Amino acid sequence: MKILRRILRILLIAAFWIGVWAFASWRVGKPLLLPSPAAVAARLWELMQTAEFYRTALNSLWNIVTGILIAVLGGSLLAVLTSRIKLLREVLLPIMTVIKTTPVASFIILALIWIGAARVPTFITVLIVLPVVWTNLDEGFARIDPLLSEVARVYQMPFFKRLRILILPSLKPYFLAACRTSLGLAWKAGIAAEIIAMPRAHIGTMIGEGKLYLMTEDMFAWTLTVILLSLVIEFSFAAIWKRLDRKTPRKEA
C-alpha cells in the first residue's frame, strides 16, 4: 500500500509540473522558444523509433557510467591512502580545491586540446566526481570513533572483521552521500562536455546541433532523455544499495 501511495504521489507531482510546462508553453505561444510537452513527447517517440537514438544514448551512458566508476574507485583508494598518510592529504587538498572551484568549461576546452573529443566526456566526469567521493570518504575516515578503533586494536580484532563491523558502517553514510551527489554532477558535467566537444553520436552533440539549427523540440527531447537516464541510474543505484544493506550484519560483537 505504501508503494502505491508513493507512486501515486510521484505521478501527481509529475502531472503538476507538466501542467505548469504546458501552461507556460501556451502563454508564450511560440514553439520555437518553448514547445509543448505533447510536441516534445511526440518528437521523443519519433526518435525512439530509430536505431540511431539507442546508439547515441548508449554512447553517452557508457561515457558517464565509466567515468563514475573510475572516479568512485579512484576516490575511495585516495581516501584510504590519505587516511593513512597525512602528508598525502595535505598535498592533494589544494588540487581537489582547484578542481572543485574551476569552471567545468575550462577543463573541457583543455581536455579537448589534450586528449581529443571522444575521451573528453569520460575524463570530465572523472574529474568532477572524484573530488566529491574523496572529500566525503576522507571526512568519513576522520569521523570513525577513535575509542572503538582503540578497542579493536587492543583486542587484536582481525582486519577484515574490523573492516566489516567498524570501518564500513562508519563510512556508509558518507559514501552514500557522495554517490547521490556524484550521479547528478556526472550527468551535468558529462553532457556539458559532449555539447562543447561534439563527439560523434552522443546526446550532448544532438543537443548542440538542436541549438545550432533551432530545433527546439529536438533539444527538449534529448534533454528529457538525459533526465530519464539519470533517474534510471539513480533508482538502480538505490535498489542495489538497499539490497546490499539488507545483507549487512546487524548484530556483531
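Bear in mind these aren't lab numbers, they're just calculated from the coordinates by the rules spelled out. Predicted model only: the values in this text are computed from it and were never measured. A quick note on method: Cβ atoms are made from the backbone with ideal geometry, for glycine too, and the neighbour counts reach across all protein chains shown.
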task = Write down the radius of gyration of segment 46-148 and its Dmax, each obtained from C-alpha positions, in Å.
result = 17.4, 61
key: Protection proxy ranking, peptides 23-31, 74-82, 200-208, average beta carbon neighbours within 10 Å, highest first   = 200-208, 74-82, 23-31
request  = Grab the other residues whose beta carbon is less than 13 angstrom from that of LEU112, score K and R as +1, D and E as -1, and report the net.
outcome  = 0
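Please give the peptides 54-67, 229-242 ranked by average Cβ packing (other Cβ atoms within 10 Å per residue), highest first, as a rough proxy for protection.
Details: 54-67: 19.4, 229-242: 13.3.
Packing proxy ranking, top to bottom: 54-67, 229-242.
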query = Based on Cα positions only, what radius of gyration and what Dmax would you give for the chain, in angstroms?
reply = 22.1, 73
query = When the helices in the chain are scored as -39500 (n - 2.57) per DSSP H run of 4 or longer and the sum is shared across all residues, what 222 nm value do you end up with, to the nearest 500 deg cm²/dmol?
reply = -28000 deg cm²/dmol
query = By counting other Cβ atoms within 10 Å of each Cβ, how are MET48, MET96 ranked from fewest to most?
reply = MET48, MET96
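Which of the peptides 183-190, 11-18, 115-122, 209-216 is most tightly packed, and how do the rest follow, judged by the mean count of other Cβ atoms within 10 Å per residue?
Values: 183-190: 21.0, 11-18: 10.4, 115-122: 19.1, 209-216: 14.0.
Result, highest mean first: 183-190, 115-122, 209-216, 11-18.
Which of ARG43, ARG143, ARG243 has the fewest other C-beta atoms within 10 Å, and how do the rest follow up to the most?
Numbers: ARG43 20, ARG143 12, ARG243 9.
Lowest to highest Cβ neighbour count: ARG243, ARG143, ARG43.
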task = Could you tell me the distance between the Cα centroids of segment 59-122 and segment 189-249, to the nearest Å?
result = 19 Å
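Just want to confirm a number: the relative contact order over the chain, from Cα pairs under 8 angstrom separated by 6+ residues, in percent. Intermediate results must be reported in sequence, preceding the final value.
Values: 235 pairs, mean separation 63.5, N = 253.
Relative contact order here is 25 percent.
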